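The values are calculated or read from the model by the stated rules, or taken from the named source; none is laboratory data. Owing to the predicted nature of the structure, the values given are computational and were not obtained by experimental measurement. Because the Cβ atoms are built from the backbone with ideal geometry, glycine has one as well, and the counts that use them run over all protein chains shown. Protein only, heavy atoms only, side chains kept; ligands, DNA and RNA dropped before computing areas. Shrake-Rupley method; radii C 1.70, N 1.55, O 1.52, S 1.80 Å.
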Amino acid sequence: MKRIIVLLSIAAFLFSCSITRMDHDWKIYTHPKGWHRSDPTAVQFGKYPEIFQIQVMFDSSCKYTFYNSDGTIQENQYDYNKAGGWSFEEIGARENSCMMGWRYGIESRKIELTFYHHSQGVAVHHTDPVNAVHFNQVATYTMIPNYSTGNIYETIEASGVVAENSFTMPDIIGKKGKIGREINCWFGGQENAPHRMIILKKRTK
């Protein structure tokens, strides 16, 4: 009887997260309360891609608000978290990497998205969101590197809108076929996850 109750509880949890409709390629990434990193944290190595693409959906648990003691919104509310991406390093992700950033928008009440990258150890991101998506709707991040010129072309597609970005990453020039790794979800910014959060993600290219 106890086992049946446990199984029913698990089933209820899955339905509440809208996971039952997803195909087997989707994976669940959880930010436990008080963590930056996500679970699972398995490192996925591979050759530098010709095209890198992920699709992401944000559960309603990704809504959060950081308040100051006087009830005003903290500045950290406007920091971006990372939904994943590609690192051109086998270890670490702060030298040369491309990611999709996200945050919960107080005013928009949506998940706000941006381009976020590191090049030669310098972190750069668009301060204002370039796109936005509702909970449980798909956002697609695509990154296309040119290993001859170092140009990175990337897009974020959500709600029928495609945002584009292009920049140069000198350190990838002439390094086609080297080994890098896929980056998992990361919360922060400055803050740790204020409560348990769930993100659904799959690699499509």
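Assess whether GLY92 counts as being at pLDDT 90 or above and open to solvent by less than 60 Å² (accessible area, probe 1.4 Å). No: the conditions fail for GLY92. Every test in (1) in a strand (DSSP E or B); (2) touching a residue at least 60 places away in the same chain (Cβ under 8 Å); (3) open to solvent by 50 Å² or more (accessible area, probe 1.4 Å); (4) under 21 Å from MET57 (Cβ atoms) is passed by MET143 save one, and that test is (3).
With respect to the conditions (1) closer than 30 Å to LYS176 by Cβ; (2) open to solvent by less than 60 Å² (accessible area, probe 1.4 Å), ILE111 lacks only one, and its number is (1). Restricting the search to strands (runs of 3 or more DSSP E) fully inside the stretch 150-197 and requiring at least 2 residues that are polar (S, T, N, Q) gives 151-158, 161-168. From the list ARG109, ARG37, the one residue that fits, being without any contact (Cβ under 8 Å) to a residue 60 or more places away in the chain, over 21 Å from MET143 (Cβ atoms) and among the basic types (Lys, Arg), is ARG109. Remark: pairs (first residue in the stretch 169-186, surrounded by fewer than 18 Cβ atoms within 10 Å (Cβ to Cβ); second residue at pLDDT 95 or above and among the β-branched types (Val, Ile, Thr); Cβ separation under 8 Å; 6+ apart in sequence or on different chains) = ILE173/THR149. Just one of the listed residues (GLN74, GLN53) is over 21 Å from GLU164 (Cα atoms), at pLDDT 90 or above and surrounded by 13 or more Cβ atoms within 10 Å (Cβ to Cβ), namely GLN74. When GLN190, GLN120, GLN137 are screened for being over 24 Å from SER61 (Cβ atoms) and loosely packed, with under 15 Cβ neighbours inside 10 Å, only GLN120 passes.
Residues in the stretch 95-108 that are crowded, with 20+ Cβ neighbours inside 10 Å and over 28 Å from PHE135 (Cβ atoms): 1 in all.
Of all residues in the stretch 94-145, those being among the β-branched types (Val, Ile, Thr) and within 27 Å of TRP26 (Cβ to Cβ) number 8. Is it fair to say GLY92 is of a type in the set (Gly, Ala, Ser), under 23 Å from LYS175 (Cβ atoms) and free of Cβ contacts under 8 Å to residues at least 40 places away in the same chain? For GLY92, the condition - of a type in the set (Gly, Ala, Ser), under 23 Å from LYS175 (Cβ atoms) and free of Cβ contacts under 8 Å to residues at least 40 places away in the same chain - is met.
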